[in-house]
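Down below is the structure, laid out as structure tokens.
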Amino acid sequence: MISVFENRAPKVFFILGFLICFSLISVRVVGQVSPAVSACDATKDRKVVHYGFCNASLGRDARVADLVRRLTLQEKILNIVNGAGNISRLGIPKYEWWSEALHGVSNVGPGTNFSSLVPGATSFPQVILTAASFNTSLFEAIGKVVSTEARAMYNVGLAGLTFWSPNVNIFRDPRWGRGQETPGEDPLLSSKYGSSYVKGLQQTDDNADPSRLKVAACCKHYTAYDLDNWKGVDRYHFNAVVTQQDMDDTFDPPFKSCVIDGNVASVMCSYNQVNGKPTCADPHRLAGVIRGQWKLNGYIVSDCDSVEVFFDDQHYTKTPEQAAAKAILAGLDLNCGSFLGQHTAAAVKKGLLKESDIDNAITNNFATLMRLGFFDGDPRKQPYGKLGPKDVCTAENQEFARDAARQGIVLLKNIAGSLPLSPAAIKTLAVIGPNANVTKTMIGNYEGIPCKYTTPLQGLTASVATKYLPGCSNVTCGNAQVKEAKKLAATADATVLVMGIDQSLERESFDRVDLRLPGQQPLLIKEVAKVAKGPVILVIMSGGGFDISFAKHNDKVASILWVGYPGEAGGAAIADVIFGYYNPSGRLPMTWYPQSYLDKVPMTNMNMRPDPPKGYPGRTYRFYTGETIYSFGHGLSYSKFSHKIVKAPQTVSIPLDDDHVCRHLLDCNSVEAVEQLCKKSVTFDIHLRVQNKARHGGSHSVLLFVTPPSVHNSPRKHLIGFEKISLKGKSGTLMRFKVDVCKDLSVVDELGRRKIALGQYVLHVGNFKHTLSLRI
């Protein structure tokens, strides 16, 4: 693993904040700060020492059971909604469950506020860009910083302890407005991101008690949720028709990894239906899969008002009491919203629910709060009790936000080494574009208030003299300043065009209908490129991809960078890459499709696999059969890296029992990856030599793909491992991937059963391929 703090720009560049004027932010100031909410504080109420649930020497289960038996039905119902009410007779204060921390502590939910005491928190890049780093240590390290800042804010009454992040839905369709929140289109990358970020948020520093939580994370939105509002179809009414094969090999793996590998404390069910049933009313998915098969240790929460949605909008039940009962009996523990608070008592009265069903739900909720120390008295005397405002927006955290952005930035094109630019050779830099001097655009959605901003213009100006023109009044670019932009580019030594979109064109409840840059942005780019005196660098700021084939194939556009939504320090990170203070190493976590793709693929079609007779080309790099603008995993560097597999088996044998049916069939093309077989742990090692042939040192993400035999509509290829390394110029290293046959090489068949295909596999690393045979 590469250290997440390696490969920094020269130290002098970090005094940027003292050299230029940063954009400042307005702060919503809340009232007088209250201390952290908690229960069982004997200094405030002596009678709590007699309650079993306040006795930390008892086991957690015993404490929760003691609390639950003391509550009335109405008090129990107070604790199955996000705005949990206080139970003053037991010294339990009200608690707000809803806080967000997608890429930094956010004030989107009511559980978190900023004030004059803590005016902002570190805002890291939007998730899609962080995922482009392909660096699991970075994913976890960001989570650690965010949870520390969250605990610090909790201690002064500004935040809760339960954060409904991350979003691990698959970025299935390039139009999805919330794709920016996700780790991309690949199940393995999404799984690694989700479990790593969860560990960063949840694990205590010493991890002495694995059940203890620093803060509680939540993986959302379960499941097959990736349409918000497209051509009149919205998430509240959409029924996602999903095959069992696609569910098990594409949509569910990130959630499974969150629970099993990350030990996440919560899973959120989604608004949509799956195969005719609302996810928040589906006992198979909630009680059966999440809690039963995966063994969730925590609570299941609804997306906000989704119980009300399946009653009011989807008309899934005839009465609200039936809806409340369906949700709780399915395994829902907490309702974001007020619906269960309003209708659960009536459901019990009508015999649709038993009080013990509600006991099950609140047991999971209280157990989570117990793990957080909520019932352990004065937070100041607990671990993290000394954290406070001084621990939020530290210089180190802000520098880390900059480094995280640099690690994700993807160099898509670079003709004849046009980048990096030499600051010494640039007397004047033209900076043009609607995103060239933006602030809030850089932090995407589910954002908080950042510590400060560094815009692209400010970042570039820190190294060279710049001349700035917005080029368009906003990203829709209805009337571009073409004449003025051409005049500026014609006299500058180099031109940086910062284009793309913002939340006005992709966001929650708003999906795209076009993959082209909006309005006159393409015209502005082409016209500037025609007359520019020096190299033209195109910077795309966005969550999703674009059909920019016009720029890709235009030799006058020398270089193209995709920078996602790069967070509070995004402008400094962009400048670091452009001027070569940092060698780019990001890789696309999603496919960039041509505009024509949209004509063949309605967003409502959930099928991942192609259907050639119907002209349906499939989705994502794993199944899509058509042309791309840029492929998943694409990303250039200022260095040149080579890969070679130096040791790998030619043949791998699977040990089967003598009476296994495949020992007696000539045409057996796969064997079931059952527990008995997989316990035998069939593994092998792939040894690689990676060399940096250039003089530039840099980081490099090594991606290992496999193409399995063509059975069971298996993927064309899929990612089975990745690791980020750092190499000095003209150096090399040996690295190893351990391949588990059951875990890494198995595929899902048409019925949703995991199978190990027999036959020839092709391993891919960069341009290098290795063939091996898997047999019995």
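The figures follow:
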| quantity | calculated |
| --- | --- |
| Accessible surface of Trp294 - all protein chains present, 1.4 Å probe, nearest 10 Å² | 20 |
| ³J(HN,Hα) computed for each position of the stretch 452-469 - Karplus, 6.51 cos²θ - 1.76 cosθ + 1.60, integer Hz, glycine/proline x | 5, 10, 10, 6, x, 4, 5, x, 5, 5, 5, 10, 9, 6, 10, 10, 10, 9 |
| Sites Ala42 and Asp206, calculated FRET efficiency, Cβ-Cβ separation with R0 30 Å, nearest 0.05 | 0.70 |
| Set of aspartates and glutamates with alpha-carbon distance to Lys381 below 15 Å, sequence-local pairs under 8 removed | Asp41 |
| Charge dipole (debye, nearest 20) of the chain; +1 at Cβ of Lys and Arg, -1 at Cβ of Asp and Glu | 1860 |
| Calculated on alpha-carbon atoms, Rg and Dmax of the stretch 294-401 in Å | 19.1, 58 |
| Rg/Rg_globular for the stretch 465-536, with Rg_globular taken as 2.2 N^0.38 Å and Rg from C-alpha atoms | 1.20 |
| Rounded FRET efficiency, nearest 0.05, which uses the C-beta distance separating His50 from Ala490 and R0 of 60 Å | 0.15 |
| Rg [Å, one decimal], Dmax [Å, integer] - the stretch 639-774, C-alpha atoms | 17.2, 59 |
| Contact order relative to length of the stretch 48-391, as percent, for alpha carbon pairs under 8 angstrom and 6 or more apart | 18 |
| Kirkwood Rh and Cα Rg combined as Rg/Rh, the stretch 530-594 | 0.97 |
| Among beta bridges that DSSP assigns inside the stretch 48-391, antiparallel share in %, nearest 5 | 40 |
| Rough spin-label spacing in nm, given labels placed 7 Å along Cα→Cβ, for Phe684 and Phe768 | 1.6 |
| Charge dipole magnitude, Cβ of K and R +1, D and E -1 - the stretch 639-774, Cα centre, debye nearest 20 | 1260 |
| Residue-normalised accessible area of the chain, given per residue in Å² at a 1.4 Å probe | 36 |
| Cα gyration tensor shape of the stretch 48-391, rounded if a/c is under 1.5, else prolate or oblate by comparing a/b with b/c | oblate |
| DSSP-defined antiparallel bridges as percent of all bridges, the stretch 405-599, nearest 5 | 20 |
| The stretch 304-337 residues near the modelled Ser356 label - backbone nitrogen below 19 Å, point 7 Å along Cα→Cβ | 325-333 |
| The stretch 647-692 shape via C-alpha gyration tensor axes, a/c threshold 1.5 | prolate |
| Beta bridges per DSSP with both ends in the chain, % antiparallel, nearest 5 | 60 |
| Residues Ser653 and Ser596, FRET efficiency given R0 of 35 Å [Cβ-Cβ distance, rounded to 0.05] | 0.20 |
| With 5 Å bins from 0: P(r) over the stretch 657-729, alpha-carbon pairs, percent | 3, 10, 13, 15, 16, 12, 9, 7, 6, 4, 3, 1 |
| Hydrodynamic radius by Kirkwood, which averages 1/r over all alpha carbon pairs of the stretch 405-599, in angstrom | 16.5 |
| 5 Å binning of all Cα-Cα separations within the stretch 172-252, expressed as whole percents from 0 upward | 3, 12, 19, 20, 16, 12, 9, 6, 2, 1, 0 |
| Spacing of the two label points (7 Å from each Cα toward its C-beta) at Glu672 and Arg736, in nm | 3.4 |
| In order through the stretch 527-537: 3J(HN,Hα) via Karplus (6.51 cos²θ - 1.76 cosθ + 1.60), integer Hz, x for Gly, Pro | 5, 5, 4, 4, 10, 4, 6, x, x, 10, 10 |
| The stretch 560-627: C-alpha gyration tensor shape, a/c 1.5 cut-off, then a/b vs b/c | prolate |
| Kirkwood estimate for the chain, i.e. one over the average of 1/r between Cα atoms, Å | 27.4 |
| Full-extension gain in nm, Thr476 to His553, via 0.36 nm per residue minus C-alpha separation | 25.4 nm |
| Rg over Rh, two decimals, the stretch 309-351 (C-alpha only, Kirkwood Rh) | 0.92 |
| Aspartates and glutamates whose Cα lies under 16 Å from that of Lys533, excluding same-chain neighbours fewer than 8 positions away | Glu484, Asp493, Asp555 |
| Cα pair distances in the stretch 235-328, grouped into 10 Å bins until the bin that holds the longest one, percent each | 16, 48, 31, 5 |
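The values are calculated or read from the model by the stated rules, or taken from the named source; none is laboratory data. These numbers were taken from a predicted model, which means no experiment stands behind them. FYI the Cβ positions are ideal-geometry reconstructions off the backbone, even for glycines, and counts take in every protein chain you see. Only protein heavy atoms, including side chains, enter the accessible area calculation; ligands, DNA and RNA are left aside. Shrake-Rupley method; radii C 1.70, N 1.55, O 1.52, S 1.80 Å.
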